[in-house]
Amino acid sequence: MNRLELSKKLKIARIESGLKQEEIAKLMGLPISAISVIEKGTRKVDVIELTKFAAFYAKPIEWFFHGDNHENYRRWYDKDKKLAEAIKLLQKAPVKYQKSCACAIIGFLKESGLIK
């Protein structure tokens, strides 16, 4: 993967997460101009930055290299299609709603006795 392909994926992930360049810049501790040049592909992204981007965008690192169609996922929830779909939908929700949605799901699972 080249820098331009990664920069496109970073921009897509930011948009899908519902964050603006200003918001991710503040979260990353970078100037807005840095986010702009990263998304244009003129600035490199180091491993630590990519890890932070992935966390803020609620994407696994491998998504930036393979996308949603990568067949070799080894995450436990990818083995169940419905659970994988639910996680994917949760990841697409704006970041500010993800935590409350996840807490509601966990509460439901606990009340139903499916988890302890």
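The values are calculated or read from the model by the stated rules, or taken from the named source; none is laboratory data. Quantities reported herein were computed from a predicted structural model and do not represent experimental measurements. Cβ: placed from backbone, ideal geometry, glycine included. Neighbour counts: every protein chain shown.
What the table shows:
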| read-out | value |
| --- | --- |
| Leading residue by the ranking (surrounded by the most Cβ atoms within 10 Å (Cβ to Cβ)) among those in the range 33-47 that are assigned to a loop (DSSP other than H, G, I, E, B) and of a type in the set (D, E, K, R) | ARG43 |
| Flag for LEU50 being surrounded by 13 or more Cβ atoms within 10 Å (Cβ to Cβ), modelled with pLDDT of 90 or more and not polar (S, T, N, Q) | yes |
| Options LEU30, LEU19; residue that is touching a residue at least 12 places away in the same chain (Cβ under 8 Å), surrounded by 14 or more Cβ atoms within 10 Å (Cβ to Cβ) and among the aliphatic types (A, V, I, L, M) | LEU19 |
| Answer from PHE56, PHE64 - the residue that is under 17 Å from GLU5 (Cα atoms), crowded, with 16+ Cβ neighbours inside 10 Å and modelled with pLDDT under 95 | PHE64 |
| Count - residues of the range 1-47 that are within 17 Å of VAL95 (Cβ to Cβ), of a type in the set (Val, Ile, Thr) and modelled with pLDDT under 95 | 2 |
